[in-house]
Amino acid sequence: GATIEIDYYGGLTGSIGDTGLGWDIGFIYYSYPGAASSLNYDFWEGQLALSYDFGVASATASINYSPENFGESGDAFYSKLGIEAPVGKYLTLSAHVAKQYIQDNATFGLPDYVEYGIGATVNLAGFDVNLTWSDTDMEDSECDDACGMFLLSVSRSF
């Protein structure tokens, strides 16, 4: 019965003086309105991230943890390493690699997998336009039609 996922999130970020070192701590609650409560789709996860700005590029390492993941599939960890490099005033290139670990893969419905992506963000008239290619190491039969895709997003900060 679930036809939508709603994510609630919050957290805090900061930096340690002028060292270039940053931190981020937060949470995400995933809800699936319309799904039978017996399916136990709703779950929460916490996130901890550290970043460092090298001047020509920045790197971020993060870990997300859920004590009872989607559908009661047990402990879940999502570790991620990303880099961003500004190229000129209006363009930023990015790349990431991540690993998803699920305690009970049979209940979750997928094996543990590696996810990776490469993207570019252009600032146009104050809007950030991002195009990212993302894929996994799963076989096509394991991820149905969700293997390898482009994501286009437009955002603006106030």
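The values are calculated or read from the model by the stated rules, or taken from the named source; none is laboratory data. The shown structure was predicted, so the numbers you read here are calculated from the model rather than taken from an experiment. Cβ placement follows ideal geometry from the backbone for every residue including glycine, while neighbour counts extend to all protein chains displayed. Note: areas computed on protein heavy atoms with side chains; ligands, DNA, RNA excluded. Shrake-Rupley method; radii C 1.70, N 1.55, O 1.52, S 1.80 Å.
If we keep just the residues of the stretch 14-31 that are among the hydroxyl-bearing types (S, T, Y) and under 15 Å from N64 (Cα atoms), which is least open to solvent (accessible area, probe 1.4 Å)?
Per the stated criteria, the residue is Y30.
Filter the stretch 91-108 down to residues that are modelled with pLDDT of 95 or more, among the small types (G, A, S) and over 19 Å from the mean Cα position of the chain (by Cα), then give me how many there are.
Of the residues in that region, 0 qualify.
Determine which single condition V114 fails, assuming it passes every other condition in (1) loosely packed, with under 14 Cβ neighbours inside 10 Å; (2) more than 18 Å from E139 (Cα to Cα).
(2)
Any residue in the stretch 11-26 that is modelled with pLDDT under 95 sitting within a Cβ distance under 9 Å of a residue that is assigned to a loop (DSSP other than H, G, I, E, B) and open to solvent by less than 80 Å² (accessible area, probe 1.4 Å)? List the pairs, counting only those 6 or more apart or interchain.
These pairs meet every condition: G20/G55.
So if I check each of E72, E84, E115, which one is within 14 Å of the chain's Cα centre (by Cα) and of a type outside the set (S, T, Y)?
Result of the check over E72, E84, E115: E115.
Condition (residue is within 30 Å of N123 (Cβ to Cβ), touching a residue at least 12 places away in the same chain (Cβ under 8 Å) and of a type in the set (A, V, I, L, M, F, W, C)) applied to the stretch 30-47: is it met by at least one residue?
Scanning the stretch 30-47 turns up no residue that is within 30 Å of N123 (Cβ to Cβ), touching a residue at least 12 places away in the same chain (Cβ under 8 Å) and of a type in the set (A, V, I, L, M, F, W, C).
Given the options T121, T107, name the one that is open to solvent by 40 Å² or more (accessible area, probe 1.4 Å) and either touching a Pro at 6+ places or on another chain (Cβ under 6 Å) or of a type in the set (S, T, N, Q) (or both). Give the steps one after another, and end with the answer.
On the way: T121 fails: open to solvent by 40 Å² or more (accessible area, probe 1.4 Å).
Unique residue meeting the criteria: T107.
Picking from D104, D112, D137, D42, which residue would you name as being out of contact with any strand residue (DSSP E or B) (no Cβ under 7 Å at 6 or more places or on another chain) and acidic (D, E)? I'd like the intermediate steps shown before the answer.
Values: D112 fails: out of contact with any strand residue (DSSP E or B) (no Cβ under 7 Å at 6 or more places or on another chain); D137 fails: out of contact with any strand residue (DSSP E or B) (no Cβ under 7 Å at 6 or more places or on another chain); D42 fails: out of contact with any strand residue (DSSP E or B) (no Cβ under 7 Å at 6 or more places or on another chain).
Answer to the check: D104.
Residue-wise test of (1) under 28 Å from L21 (Cα atoms); (2) open to solvent by 60 Å² or more (accessible area, probe 1.4 Å); (3) under 17 Å from the mean Cα position of the chain (by Cα); (4) among the hydroxyl-bearing types (S, T, Y).
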site	(1), (2), (3), (4)
Y65	yes, yes, yes, yes
Y78	yes, no, yes, yes
K89	yes, yes, no, no
A125	no, yes, no, no
L131	yes, yes, yes, no
M149	no, yes, yes, no
F158	yes, yes, no, no
